[in-house]
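Participant: Would you mind keeping the following structure in view while I ask a few things?
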Amino acid sequence: MGRVELISPSHSSLLRRPGALLSSNTSSFNAIMMFFFTPSAFLFALLAIAGFSDAMPVIFGNRGTATVYMTGQNNGCNITTSESDSVVALSATWFKPDSCGKKVKVSARRTASTVHATIVDYCLQCKANDLQISPQAFHELGGIDGTSRDIVWDPEKV
């Protein structure tokens, strides 16, 4: 029977040098790695993600739960509101007297629907990052009456 050679004599020197088989592909590997770890590649990836931001879940901010808040005049800020206003009651943990009239950006975590609401009250029964929001704001976030929404919220910079 004939002998089968797996490595030709011209490539036998590759067996004697550790890592020699990789060295022929090293330049390609380095070129790929240089592209993926450059500032321009990072910027490209960031812009690609930003282009799909409407469909992406919201992950940054204060995570909590939103429930419906009955609007009216009896609130901690003495501001008359109606169901058509986008208003919010902060948890007692976050509420301060100077919070009245300031805005918060509230986003549904799964759909990224966003509403900008005015702080008009505080919520004693809310957990630290939970909010109570007006029916209008609740529906804008995709909420259905009698339910709650997982949210992310942040105070707006004015």
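The values are calculated or read from the model by the stated rules, or taken from the named source; none is laboratory data. These figures come from a predicted structure and were not determined experimentally. As a convention, Cβ positions derive from the backbone with ideal geometry for all residues, glycine included, and neighbour counts pool all protein chains shown. Just so you know, the surface numbers come from the protein's heavy atoms only, side chains and all, with ligands and any DNA or RNA stripped out. Shrake-Rupley method; radii C 1.70, N 1.55, O 1.52, S 1.80 Å.
Participant: Does Pro155 qualify as being open to solvent by 40 Å² or more (accessible area, probe 1.4 Å) and within 19 Å of the chain's Cα centre (by Cα)?
Facilitator: So Pro155 passes the test.
Participant: Still on this structure, please answer the following. Of the conditions (1) assigned to a loop (DSSP other than H, G, I, E, B); (2) of a type outside the set (Ser, Thr, Tyr); (3) open to solvent by less than 20 Å² (accessible area, probe 1.4 Å), Lys127 clears all except one; give me its number.
Facilitator: (3)
Participant: Determine which single condition Val115 fails, assuming it passes every other condition in (1) surrounded by fewer than 20 Cβ atoms within 10 Å (Cβ to Cβ); (2) within 19 Å of Cys100 (Cα to Cα); (3) β-branched (Val, Ile, Thr).
Facilitator: (1)
Participant: Just checking, does segment 77-98 include any residue being out of contact with any Gly (no Cβ under 6 Å at 6 or more places or on another chain), crowded, with 18+ Cβ neighbours inside 10 Å and without any contact (Cβ under 8 Å) to a residue 40 or more places away in the chain?
Facilitator: Yes, segment 77-98 contains a residue that is out of contact with any Gly (no Cβ under 6 Å at 6 or more places or on another chain), crowded, with 18+ Cβ neighbours inside 10 Å and without any contact (Cβ under 8 Å) to a residue 40 or more places away in the chain.
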